[in-house]
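Heads up, the thing below is written out as structure tokens.
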Amino acid sequence: MKNYLRQSAVLAMFCMLVGLAGCASKGGEMVGEAAAPATAGYSSAEQGKASGRLLVWTANFSLEVADLTKAQAQLTERMLALGGYVEEKSDYGSYSQSLVYRVPKDAFAAALGDVEQSGKVLSRHVKGEDVTEQYVDVETRLRNNIALRDRLRDLLGKAKDIKDILQIESELNRIQSEIDSMEARMRILTDQIQMSTLRVELRQQEAEKPPTIYGPLGYLYKGTAWFVTKLFIIRE
């Protein structure tokens, strides 16, 4: 009789947690206190959230430069000095290059100025995307799932019946998979918030063609060509 009551209590607790897990997957109120791993590694983004909205800054530039190689080297040096790095680089012959820089959000304004000073600006687009609600939603669901995972682990330690153990383990695997996915999403969002993105296209300025200087025979040729043309066409 005691074993039956114990198994019934375990099963009832498991059913309740499964129901809560469904609610956690859809968001909503937090269940219990968040475990320590829920916010590990996200302290920088938390500080940004405390001071206002969470924004992901991106900029797209197209520049015309006199010396492509020199302009690219100088611009990259400036981005590195700001604490940034080159995420991607593409070469299109000797006349065009495409670069993607990542710089700390606090250096974004300075990076914009450096890009604009690197050549003639042909186009410029700067955007700040507000991801506050998205971040808070993922963070809340992550905390809920971590709390549920910990409770399921406690319940698994108390379960005796094989059927109950298998059901709890199955639910644990599902919850852990969701946690892994949410943690990956949190890392991506945090990186995008902390490191702004600048996409820069550099185009080699076309060299001016020097004026043609004709010799005596050259002028004779041009005059003859003009005369022959007028024999056929008086006015167009």
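The values are calculated or read from the model by the stated rules, or taken from the named source; none is laboratory data. As the structure is a prediction and not an experimental result, all values here were calculated from the model. Glycine also receives a Cβ, built like all others from the backbone with ideal geometry; neighbour counts cover every protein chain displayed.
Among Leu99, Leu148, which is surrounded by 13 or more Cβ atoms within 10 Å (Cβ to Cβ) and closer than 15 Å to Val200 by Cβ? Step through it out loud before you land on a result.
On the way: Leu148 fails: closer than 15 Å to Val200 by Cβ.
Result of the check over Leu99, Leu148: Leu99.
Give region 108-127 a look and list any residue that's surrounded by 13 or more Cβ atoms within 10 Å (Cβ to Cβ) and either among the polar types (S, T, N, Q) or touching a residue at least 60 places away in the same chain (Cβ under 8 Å) (or both), or say none.
Those that are surrounded by 13 or more Cβ atoms within 10 Å (Cβ to Cβ) and either among the polar types (S, T, N, Q) or touching a residue at least 60 places away in the same chain (Cβ under 8 Å) (or both): Phe108, Ala111, Leu112, Val115, Ser118, Gly119, Val121, Arg124, Val126.
Give region 172-189 a look and list any residue that's more than 23 Å from Asp154 (Cα to Cα) and of a type in the set (Val, Ile, Thr), or say none.
Answer for region 172-189, where residues must be more than 23 Å from Asp154 (Cα to Cα) and of a type in the set (Val, Ile, Thr): just Ile188.
Only one residue in Lys222, Lys158 is at pLDDT 85 or above and surrounded by 10 or more Cβ atoms within 10 Å (Cβ to Cβ). Which one? First the steps, then the outcome.
Details: Lys222 fails: at pLDDT 85 or above.
One residue alone meets the criteria, Lys158.
For region 186-193, state whether one or more residues are surrounded by 18 or more Cβ atoms within 10 Å (Cβ to Cβ), part of a helix (DSSP H, G or I) and at pLDDT below 95. Spell out the reasoning first.
We begin by selecting, within region 186-193, every residue surrounded by 18 or more Cβ atoms within 10 Å (Cβ to Cβ); these are 186, 189-190, 192-193.
Restricting the remaining residues to those that are part of a helix (DSSP H, G or I) gives 186, 189-190, 192-193.
Within this subset, residues satisfying the condition of being at pLDDT below 95 are none.
So far as region 186-193 goes, no, none of its residues is surrounded by 18 or more Cβ atoms within 10 Å (Cβ to Cβ), part of a helix (DSSP H, G or I) and at pLDDT below 95.
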